[in-house]
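Notes to accompany the following structure.
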Amino acid sequence: MTGRKRRRAPPAEPDYVPGTLLNWNDSRHWDYTGPQPCRYCTVPTQLRDSHGSHAHKVCAEQALAEQVADAAAAYHQNGQTT
Ligand SMILES: [Zn+2]
């Protein structure tokens, strides 16, 4: 490895469409004991995220989209300037 190879820029991120990221059809994403506050917006919900925490699907997807955007921004900061 010479470390001098030119790296191609990653492909542009497609625009995120809310509601299309996660599939929460599985019953483990539903709390049958009743609604609890969403971990993101605190509005009660019976939905649970993949960690078992109460969260609206759209809130979880928004959080994931922001994480991806942050990671992409950090990558572009540390990568080549264009
Ligand atoms: Zn929420």
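On average over all directions, what projected area in square nanometres does the chain have, based on the convex hull of its Cα atoms? Write out the running numbers ahead of the final one.
Values: hull surface 31.2 nm².
So the Cα hull casts an average projection of 7.8 nm².
Can you list residues from other chains, or at least 5 along the same chain, whose modelled amide H is less than 5 Å from the amide H of L47?
Answer set, sorted by chain and number: D31, A55.
With N set to the number of residues, divide the alpha-carbon radius of gyration of the range 29-74 by 2.2 N^0.38 Å and report two decimals. Intermediate results must be reported in sequence, preceding the final value.
On the way: Rg = 11.9 Å, N = 46, 2.2 N^0.38 = 9.4 Å.
For the range 29-74, the normalised Cα radius of gyration comes out at 1.26.
Using 7 Å Cα-to-Cβ label points, what is the A73/R8 separation (nm, one decimal)?
Here the answer is 2.7 nm between the modelled labels.
Return one number: the angle in degrees, 0 to 90 and rounded to the nearest 10, between the long axis of the Cα atoms of helix 57-78 and the longest principal axis of the Cα atoms of the chain.
Tilt relative to the chain: about 20 degrees.
Read-outs throughout are calculated quantities, based only on the coordinates presented, and are distinct from any laboratory measurement. If you're wondering where the values come from, they're calculated on a predicted model, not measured in any experiment. A quick note on method: Cβ atoms are made from the backbone with ideal geometry, for glycine too, and the neighbour counts reach across all protein chains shown.
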